[in-house]
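The values are calculated or read from the model by the stated rules, or taken from the named source; none is laboratory data. Please read all numbers here as calculations on a predicted model, not as lab measurements. Note: ideal-geometry Cβ built from the backbone for every residue, glycine included; neighbour counts use all protein chains shown. With ligands, DNA and RNA removed, areas are computed over all heavy atoms of the protein, side chains included. Shrake-Rupley method; radii C 1.70, N 1.55, O 1.52, S 1.80 Å.
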Amino acid sequence: MDWHQLWTIATLPDNIPIVAMLFLIPFFSWLGFRQAIANDRLIAQLEADPKLAKTHHRKTWPWQPNWTKELHVWPYLLRIEFLATLIVTIILYVWSITLNAPLEEPSNPNLTMNPSKAPWYFLGLQEMLVYFDPWIAGVVMPTLILIGLMVFPYVDANPLGSGYYTWKQRKIAIGAFLVGFATWVLLIIIGTFMRGPGWVWFWPGQTWDHNTVLYEVNRDLPDLVGITSQPWKGIFGAVVVGLFFALAGFVTHKLIMRKEFDKKILERTTLLQYLIFQFFAITVLWALPIKLLARQLFRIKYVMVTPWFNI
Amino acid sequence: MEPEKPEQPEPKTPVGLATRVREGMKEDLEAIKTKANKDNVKAEIENLKDPTKTQLYKSIFRVKHEPTPRSRSLGVLTNVFLHLHPAKINRDAVRFSYTWGMGGITFYLFIVLTFTGILLMFYYHPSKGQAYQDILYLENDVPFGKLLRNMHRWGAHLMVITTWLHMFRVVLTGSYKTPREFNWAVGVVLLTLTLLLSFTGYLLPDDQLGFWAVTVGTNMAKASPMLGNEGPFGAQAGMTPYNDVRFALLGGSIVDANALLRSYIWHCIAIPTIVSVLLAVHFWRVRKDGGISGPAPVMLESEMRAAGSRAVKGAAGK
Ligand code: HEM
């Protein structure tokens, strides 16, 4: 085991933020879900007791009768903002005094960096290049992710849970977001910690070996089942992709119809909203992890091969 | 008609110039002495003890600062930097556990980055060869140059993190729901621009790290469907390495001097300008959409109206 290698990666100044994220994401998830659980408990209590629901102020903290409804921004908000800027400034100073921004040799087109890694927040994209051709990984997927994020509010027809933390009232929306977020973070972690020279997979604790030769062969799915000539490869691939769409869509449908409550929400969802949600669920939330697994577990490179493009 | 003439002064014995000056000065000194007499000076010093009463102060701040509700409201509303805020907000909206302050912190980091970025621009030339030397100069010779560069670098990383966390908070609190859908979309664009700011900045030191990251990044553009020369249907659409989207990004077919200049202009002028405009929209919408979404009273499933109507019955007592 070569823990030194892992230490080198983790302490690279440019990687400090991702190490920090390993703490920040759990912390803020805890902070959010703690409040969600408290609210869910209150909701259950009020659902069970309609009389209480009529009089309760509907927040988890106790209500003081002498409280005014509103506060002055000056000083009650401004002092918090001031404090926050102060703390952020201090953090930034300490960080900048203790760690130096990297500066490599002057750029040299004749000397390839190996591995050549993007900054950590782009490593998800770069890691996707392993699983998809550049036009999908670099252009189509990012576009789908961004448009998917933008339409998110427009397809979420659930009127509950606006303006307070809750899990039970919004399992599907929050769940869908978390799946996407987790996949993204996973790709970044793989890209940062598992990828060495030549973008070869090295487990944490393995030494980066610049001379590693990979013997594994990546195959295309049509070849695996004995289809080796066009146009059958393309047709077979289209069928597989179609099947994937149908299956993923079916599973998604089952998942968003599990509870009585979810059915009620679906009733409020228009067909257009439903189809758009399905489209992004299939093309982003399902396709990414499935292609990742197909590659990592079965060494499958393409599922669909055509003369013009491959998927 | 002749205009009426002023009454002629009585003819005096002519006075010499020296006497007149002496007399005049005596008069002036007398006037200053009266001004500077003990009581007057005392009164003025007494006034200075309360600077908020001075003309200078009033000219700048326009309203008195007193611990009265009216004064507190005006203090926020009449200040160009603070007027983004309402005078009063929901008592619960100041709870840190609700927003985590992440939007505000992100904005603050954007300001810090603008500030440190402008300082860096004083030392940086976006030209091949010179750019790298400028970074070395900043690191080794400019007073606090290294600190400046570090703060800009780590501030950028931090801003990416806080933008994500801000988005995470908005999701967990359902704050993107009606009427805030559009502001969420503005936010997604802001997130994209934040990432693009980082990306364009990465090339500027013109070192190996940035050069190869940008090479890898823009090679993806080469593969765009229709628009890139290696992408699906790119060749059919007439794309070559000399007219495709990658060429447009780099100002050439390789990452070179033109790419550096384009990166620089995107990074220092174009994207920050767009971000500033969108931030104005973002904050404006936060206000117009009724302020921060919560912490709102919880809603109950049993109060959901029948399907077809999106509204939920108001909470009890409202
Ligand atoms: C440059 C980055 C951004 C800045 C500086 C920024 C700033 C802010 C600020 C100061 C607020 C007030 C409430 C708070 O502090 O949480 C806010 C609210 C909001 N932001 Fe952002 N934001 C940014 C990016 C985003 C992104 C990426 C999204 C989502 C994709 C987003 C969506 C929203 C929404 C929906 C609200 C209203 C929240 C509510 O009413 O509770 N913003 N933003």
Worksheet item: Which of the residues belonging to segment A:141-196 are within 7 Å of another protein chain (Cβ to nearest Cβ) and either under 14 Å from the mean Cα position of the chain (by Cα) or assigned to a helix (DSSP H, G or I) (or both)?
Response: A:Leu146, A:Leu149, A:Met150, A:Phe152, A:Pro153, A:Tyr154, A:Ile174, A:Phe177
Response to the item:
Filtering segment B:248-293 for residues that are surrounded by fewer than 18 Cβ atoms within 10 Å (Cβ to Cβ) and more than 16 Å from the ligand (Cβ to nearest atom) leaves a count of 11
Worksheet item: Are any residues in segment B:242-299 part of a loop (DSSP other than H, G, I, E, B), free of Cβ contacts under 8 Å to residues at least 24 places away in the same chain and assigned by TED's automatic domain parsing to the domain that holds B:Ser127, and if so, which ones?
Response: B:Tyr242, B:Asn243, B:Asp244, B:Gly251, B:Gly252, B:Ser253, B:Ile254
Fill in: Every residue from segment B:150-192 that is without any contact (Cβ under 8 Å) to a residue 40 or more places away in the chain and near the ligand (Cβ under 6 Å from one of its atoms)
B:Met167, B:Val170, B:Tyr176, B:Trp184, B:Val188, B:Leu191
Item to complete: Please specify each residue of segment A:97-119 satisfying the condition of being facing another protein chain (nearest Cβ under 8 Å) and either part of a helix (DSSP H, G or I) or aliphatic (A, V, I, L, M) (or both).
Response: A:Ile97, A:Leu99, A:Ala101, A:Leu103, A:Leu111, A:Met113, A:Ala118
Fill in: Selected residue [assigned to a helix (DSSP H, G or I), out of contact with any Lys or Arg (no Cβ under 6 Å at 6 or more places or on another chain), in contact (Cβ under 8 Å) with a residue 12 or more places away in the chain and more than 10 Å from chain B (Cβ to nearest Cβ)] from A:Leu6, A:Leu46, A:Leu22, A:Leu42
A:Leu6
Practice prompt. Check off (1) within 25 Å of A:Ile18 (Cβ to Cβ); (2) over 24 Å from the mean Cα position of the chain (by Cα); (3) touching a residue at least 60 places away in the same chain (Cβ under 8 Å); (4) within 10 Å of the ligand (Cβ to nearest atom) for B:Pro205 and give me the number that stays unchecked.
Written response: (4)
Practice prompt. Would you be able to say whether some residue in segment A:10-20 is crowded, with 16+ Cβ neighbours inside 10 Å, among the hydrophobic types (A, V, I, L, M, F, W, C) and either at pLDDT 95 or above or in contact with a Leu (Cβ under 9 Å, 6 or more places away or on another chain) (or both)?
Written response: yes
Item to complete: Sort through B:Val112, B:Val76, B:Val94 and tell me the only one that's under 30 Å from A:Tyr76 (Cβ atoms), aliphatic (A, V, I, L, M) and at pLDDT 90 or above.
Response: B:Val112
Worksheet item: What is the one condition in (1) open to solvent by 70 Å² or more (accessible area, probe 1.4 Å); (2) at the interface with chain B (Cβ under 7 Å from one of its Cβ atoms); (3) more than 30 Å from B:Pro86 (Cβ to Cβ) that A:Val94 does not satisfy?
Response: (2)
Discussion item. Can you find a residue that is open to solvent by 50 Å² or more (accessible area, probe 1.4 Å), more than 7 Å from every other protein chain (Cβ to nearest Cβ) and of a type in the set (A, V, I, L, M) anywhere in segment B:91-107?
Written reply: no
Item to complete: Take B:Leu195 and decide whether it is at the interface with another protein chain (Cβ under 8 Å from one of its Cβ atoms), within 12 Å of the ligand (Cβ to nearest atom), surrounded by fewer than 21 Cβ atoms within 10 Å (Cβ to Cβ) and not small (Gly, Ala, Ser).
Response: yes
